[in-house]
Amino acid sequence: MTAPHVISLGTMLVEIMRVNLDEPLDRPGTFAGPFPSGDTPVFVNAVARLGHSAGFMGAVGQDGFGDCILRRFAEQGVDAKHVRILPDRTTGIAFVSYAGDGSRSFIFHWREAAAGQIGPDYVDVDYCRQAHWLHLTGGNLIITPASYQACLRAMSLMPPEAKVSFDPNIRAEWLNIEEILRQWQPILDRADYVLPSAGEAALVTGAADDDAGCRRLAAAGKTVVLKQGAAGCTVYAGEDVYKLDGFTVDEIDPTGAGDTFCAGFTVAMLEGMDLPAAGVFANAVGALAVTKKGPMEGAPTRSEVMALIASQGRALT
């Protein structure tokens with residue numbers, strides 16, 4: 001069997017979330033879950049849901065939470081033959097609460113869990129050399145030194161014609177900016193596509209604001225997609241800039257929407273869409289992702305994406 005067209009690696013988690021707004025994590029309250037999660041698992045799940053072959057390299061524990069993630073991969077057709085099941089580790093967990101102002105709080109169990117054990121030996125040579133697209137995120141670069149080396153190894157094994165996308169996915173408490181820039185420069189150098197969220201383009205480039213940061217990355221030959229949530233996205237390529245409006249939906253849960261958006265943009269590029277059409281398509285994919293509780297639950301099918309685009313008077317032209 002050849003490798004899937006799109007591959008990724010990193011932390012495999014379940015998410016357990018507060019049911020109601022303003023239920024903090026420091027006192028008893030109600031929870032829902034587990035839901036399969038992790039930024040790169042959310043990404044490959046959405047790629048597969050949109051009809052493209054996708055695969056993953058990572059680890060889960062030999063427990064019910066691991067079964068939860070692997071069952072979802074099997075349902076969506078994500079290739080999990082390079083996911084290890086570790087009997088001496090539990091599956092990673094993220095606990096999340098939601099505030100009325102739209103902010104979220106997280107407690108992660110991953111460095112000592114199965115999710116934190118990934119290293120260069122998890123990266124399969126043939127899997128990378130046969131793939132067409134590798135997706136990396138900043139979170140998986142800083143879990144452990146071994147996970148960073150795993151990401152670098154996967155990237156180094158990709159053929160020159162293969163595409164690499166990078167979502168910085170920065171959490172300010174993880175690293176200082178100097179460490180971010182030092183560790184991430186090799187990935188930024190190789191990446192064909194950079195997909196930052198608000199504040200991240202400025203942070204990784206040292207520019208005054210995101211627009212300047214995106215233009216700096218585009219001048220270096222990257223296609224840059226600035227994710228702007230409900231407002232949509234802005235795509236930078238060379239000197240061209242495309243502002244694509246978002247879609248109106250009823251938001252239930254924003255977690256995982258950015259990763260699902262990245263999957264939509266990846267699929268659009270694989271299918272040869274031009275950049276404005278790719279932005280519209282990815283905006284619709286990301287919008288639908290927020291309409292259900294759980295990071296993977298809102299990942300749409302192709303028909304759902306096209307129906308949303310048509311219902312709001314948009315087109316892929």
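When Leu226 is tested against (1) assigned to a strand (DSSP E or B); (2) among the hydrophobic types (A, V, I, L, M, F, W, C); (3) in contact with a Phe, Trp or Tyr (Cβ under 6 Å, 6 or more places away or on another chain), just one condition goes unmet, and that condition is (3). Between Leu152, Leu134, the distinction of being touching a Ser or Thr at 6+ places or on another chain (Cβ under 8 Å) and under 14 Å from Leu9 (Cα atoms) belongs to Leu134 only.
Of the residues Gly58, Gly33, only one is small (Gly, Ala, Ser), at pLDDT 95 or above, in contact with a strand residue (DSSP E or B) (Cβ under 6 Å, 6 or more places away or on another chain) and over 21 Å from Gly286 (Cα atoms); which? If you could, list the steps in order and put the result at the bottom.
Details: Gly33 fails: at pLDDT 95 or above.
Just a single option satisfies the conditions, and that option is Gly58.
With Leu9, Leu86 as the choices, which residue is modelled with pLDDT of 95 or more, touching a Ser or Thr at 6+ places or on another chain (Cβ under 7 Å), closer than 18 Å to Asp121 by Cα and of a type outside the set (Gly, Ala, Ser)?
Numbers: Leu86 fails: touching a Ser or Thr at 6+ places or on another chain (Cβ under 7 Å).
Only one candidate qualifies: Leu9.
Are any residues in segment 119-147 under 19 Å from Lys163 (Cα atoms) and part of a helix (DSSP H, G or I), and if so, which ones? Can you show your working first?
Kept after step one, since they are under 19 Å from Lys163 (Cα atoms), are these residues of segment 119-147: 123-138, 140-141.
Across segment 119-147, the qualifying residues are Val125, Asp126, Tyr127, Cys128, Arg129, Gln130, Gly138, Asn140, Leu141.
Only one of the listed residues (Ala282, Ala299, Ala263, Ala307) is of a type in the set (Gly, Ala, Ser), within 14 Å of the chain's Cα centre (by Cα) and either over 22 Å from Thr223 (Cα atoms) or part of a loop (DSSP other than H, G, I, E, B) (or both). That residue is Ala299.
Test Ala80 against the criterion of being within 20 Å of the chain's Cα centre (by Cα), within 19 Å of Gly33 (Cα to Cα) and buried (at least 16 other Cβ atoms within 10 Å of the Cβ), and give yes or no. Taking the combined requirement at face value, the residue does not satisfy it. Annotation for segment 236-249: at least one member residue is touching a helix residue (DSSP H, G or I) at 6+ places or on another chain (Cβ under 9 Å), under 29 Å from Glu178 (Cα atoms) and among the hydroxyl-bearing types (Ser, Thr, Tyr). For the residues Arg111, Arg84, the requirement of being closer than 30 Å to Gly229 by Cβ and without any contact (Cβ under 8 Å) to a residue 40 or more places away in the chain singles out Arg111. Test Asp26 against the stated conditions and say whether it is surrounded by fewer than 17 Cβ atoms within 10 Å (Cβ to Cβ), out of contact with any Gly (no Cβ under 8 Å at 6 or more places or on another chain), over 23 Å from Trp133 (Cβ atoms) and not aromatic (Phe, Trp, Tyr). In short, yes. Contact map, segment 232-251: residues that are on the phi > 0 side of the Ramachandran plot and crowded, with 19+ Cβ neighbours inside 10 Å paired with residues that are of a type in the set (A, V, I, L, M) and part of a strand (DSSP E or B), Cβ distance under 9 Å, separation 6+ or inter-chain. Pairs shown: Gly232/Leu244.
This table checks each residue for (1) under 23 Å from Asp39 (Cα atoms); (2) out of contact with any strand residue (DSSP E or B) (no Cβ under 7 Å at 6 or more places or on another chain); (3) at pLDDT 95 or above.
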site	(1), (2), (3)
Ser165	yes, no, yes
Arg190	yes, no, yes
Ser197	yes, no, no
Thr205	yes, yes, no
Val225	yes, no, yes
Glu251	yes, yes, no
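Would you be able to tell me the number of residues in segment 216-266 that are of a type in the set (S, T, N, Q) and under 20 Å from Thr40 (Cβ atoms)?
Filtering segment 216-266 for residues of a type in the set (S, T, N, Q) gives 223, 228, 234, 248, 255, 260, 266.
Now restrict to residues that are under 20 Å from Thr40 (Cβ atoms): 223, 255, 260, 266.
Summing the residues that are of a type in the set (S, T, N, Q) and under 20 Å from Thr40 (Cβ atoms) in segment 216-266 gives 4.
When segment 131-154 is limited to residues that are polar (S, T, N, Q) and surrounded by fewer than 20 Cβ atoms within 10 Å (Cβ to Cβ), the one that is modelled with the highest pLDDT turns out to be Gln149. In summary, Gly294 fulfils each of the numbered conditions (1) of a type outside the set (Lys, Arg); (2) assigned to a strand (DSSP E or B); (3) out of contact with any Leu (no Cβ under 6 Å at 6 or more places or on another chain) with the single exception of condition (2).
Inside segment 83-97, residues that are within 30 Å of Gly29 (Cα to Cα), under 20 Å from the mean Cα position of the chain (by Cα) and either surrounded by fewer than 21 Cβ atoms within 10 Å (Cβ to Cβ) or not small (Gly, Ala, Ser) (or both) make up a count of 4.
The values are calculated or read from the model by the stated rules, or taken from the named source; none is laboratory data. Quick caveat: nothing in here was measured; it's all calculated off a predicted structure. In this analysis, Cβ positions are derived from the backbone assuming ideal geometry, glycine residues included, and neighbour counts consider all displayed protein chains.
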